[in-house]
Amino acid sequence: MRLKIRYPKRVEIVLPRGISIRRALQFAEDEKGWIAGQLSRLPDPISFSPDNVIPYQGEGLVITATNSLRGQICIEGDRLYVPGSDEHIPRRVRDWLKKQAKNQILNRISHWSPQMKVAPGRVTLRDQKTRWGSCSSRGNLNFSWRLILTPPPVLDYVVVHELAHLEHLHHGPEFWALVAAHMPSYSEHQVWLKENGGKLQKYDATI
C-alpha cells in the first residue's frame with residue numbers, strides 16, 4: 001500500500017489487488033503522523049488574483065488588473081494584463097489559461113499526428129490531479145489544462161506520449177521506442193514533470 005498527498009488537502013491510498021478497505025483505513029490511521037507532516041509541507045495555494053505570480057509556458061507572469069472593464073487579456077513583458085473588476089479576475093484568468101491550453105495542445109497535435117501517422121479522436125481538457133494526459137481505447141485523448149503552465153517542450157512531450165498510445169495502448173518497449181523516435185530527449189521532460197508537476201496544483205487550487 002502507498003499513500004499520496006494531493007492538493008489542496010487530499011490523501012489517496014493506492015491499494016494492491018485483494019486489499020480490503022478496512023485494512024487500507026487502518027494503514028492510513030497508522031500513518032497519520034506522516035500524513036500530517038506531509039500536509040503541513042504543502043505550499044500555500046496561489047489564487048489567480050491581482051499581483052500574484054503564476055507560471056505560463058514555464059515563465060512567471062504577474063497578474064495585473066487594468067482600469068478597463070472590457071477588452072482582451074494580454075501579455076506585456078512579465079505581466080498578464082487582465083481587464084475587469086477584481087472579483088472577476090480569477091475566473092477570467094482561469095478561462096483564458098484553459099483557452100490557451102486547448103489552442104496550444106490542438107496545435108501540437110496537428111504538428112505531431114502526421115509525423116507519427118496517427119489520428120486521434122475527440123480531444124478534451126480537464127483539471128486532472130494524477131495524470132497529465134490519457135488515451136482511451138477508442139482513441140480519444142484527454143489532457144490537463146495545467147500543461148499550459150509548463151515549458152513548451154514539456155507540453156510537447158505529453159502530447160507525443162498520448163499520441164503514441166494510439167499505436168500502443170501500454171508502456172511496453174514498443175511504446176517507448178515510438179516516443180523516443182520522435183522525441184529523443186523525452187526523459188528530460190519526464191524528470192521536469194516529476195520534480196515540478198506537483199507544484200503546479202497549488203495554482204487556483206480549490207480550498
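What follows is calculated from the coordinates using simple rules that are stated; it is not laboratory data. Keep in mind that this is a model prediction, so the values were computed, not measured. Heads up, the Cβs are rebuilt from the backbone with ideal geometry, glycines too, and the neighbour counts pull from every protein chain shown.
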* Structure fact -> extent check for region 91-202: Cα max minus min per principal axis, descending, whole Å, gives 41, 29, 22
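For every other residue with a beta carbon closer than 9 angstrom to the beta carbon of LEU15, add +1 if it is Lys or Arg and -1 if Asp or Glu, then tell me the sum. Don't jump to the answer; show the numbers that get you there.
Details: positive: ARG2, ARG17, ARG23; negative: none.
That works out to +3.
Too long at a 24 Å Cα-Cα cut-off: which of LYS99/LYS129; LYS102/LYS199; LYS99/LYS199; LYS32/LYS199; LYS4/LYS102; LYS98/LYS129? Write out the running numbers ahead of the final one.
On the way: LYS99/LYS129 19 Å; LYS102/LYS199 21 Å; LYS99/LYS199 21 Å; LYS32/LYS199 22 Å; LYS4/LYS102 28 Å; LYS98/LYS129 15 Å.
The answer is LYS4/LYS102.
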* To do: Would you grab the residues whose amide H sits under 5 Å from the one on ARG79? Only those 5+ places off in sequence or on another chain, please, with H modelled 1.01 Å from N.
  => VAL62
* Asked: Translational D (Stokes-Einstein, µm²/s) of region 47-153 at 4 °C and 1.567 mPa s when Rh comes from the Kirkwood sum over C-alpha pairs?
  -> 86
* **J(HN,Hα) series, region 108-114, from Karplus relation 6.51 cos²θ - 1.76 cosθ + 1.60, nearest Hz, glycine and proline x** => 6, 5, 5, 6, 8, 4, x
* Asked: What is the calculated FRET efficiency for SER187 to ASN103, with r their C-beta to C-beta distance and R₀ = 25 Å, to the nearest 0.05?
  -> 0.35
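Using the reciprocal of the averaged 1/r over all distinct C-alpha pairs, how large is the Kirkwood radius of the chain in Å?
19.1
Excluding SER144 itself, calculate the net charge of residues whose Cβ lies under 9 Å from the Cβ of SER144, where each Lys or Arg counts +1 and each Asp or Glu counts -1.
On the way: positive: ARG126, LYS129, ARG131, ARG146; negative: ASP127.
My count for the surroundings of SER144 gives +3.
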* **ILE46 long-range amide H proximity, modeled H, under 5 Å** => TYR203, ASP204, ALA205
